[in-house]
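To start, the structure under review is shown below, and the notes come after it.
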Amino acid sequence: MCRSIKQLRRADELATTGEIDAAALQFVRKLSGYRAPSARNSEAFDAAVRDVAASSRRLLESLGVDVEDGPNRWTPGSARGRPRTSSPA
């Protein structure tokens, strides 16, 4: 299940509330199997995202990671967390 879940922050940076929310949404989408819930299920889906985000923030803070209010700095295709390789000359 977790193969396609992406790392959303670097270990040497502060976590932002936007990154935590993005990770929570990614997890709930993966677990539920839905990218977007139906109108009937949206309340439960949104509540799950809030619960996962709150738990994630508690985890990060208990690990000593500072969390600041801010946007999600991760962008698809940025390859954050992967070592850079030099391009061939």
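Amide H contacts for Thr16 (H built 1.01 Å from N in the peptide plane; partners 5 or more residues away or on another chain; cut-off under 5 Å): Glu68.
Karplus-based coupling profile of the stretch 21-32, in residue order and whole Hz: 4, 5, 5, 5, 4, 4, 5, 5, 4, 5, 5, 7, with θ = phi - 60° in 6.51 cos²θ - 1.76 cosθ + 1.60 and x standing for Gly or Pro.
About its Cα centre, the dipole of the stretch 11-63 is roughly 340 debye, where the only charges are +1 on Lys and Arg Cβ and -1 on Asp and Glu Cβ. With the simple spin-label model, which puts each label point 7 Å out from Cα in the Cβ direction, the Arg50 to Lys30 separation comes to 2.4 nm.
Every read-out reported here was derived from the displayed coordinates using simple, explicitly stated rules and does not represent laboratory data. Since this is a predicted model, take the numbers as computed values, not measurements. Positions of Cβ are generated from backbone atoms using ideal geometry, with glycine treated the same way; all protein chains shown enter the neighbour counts.
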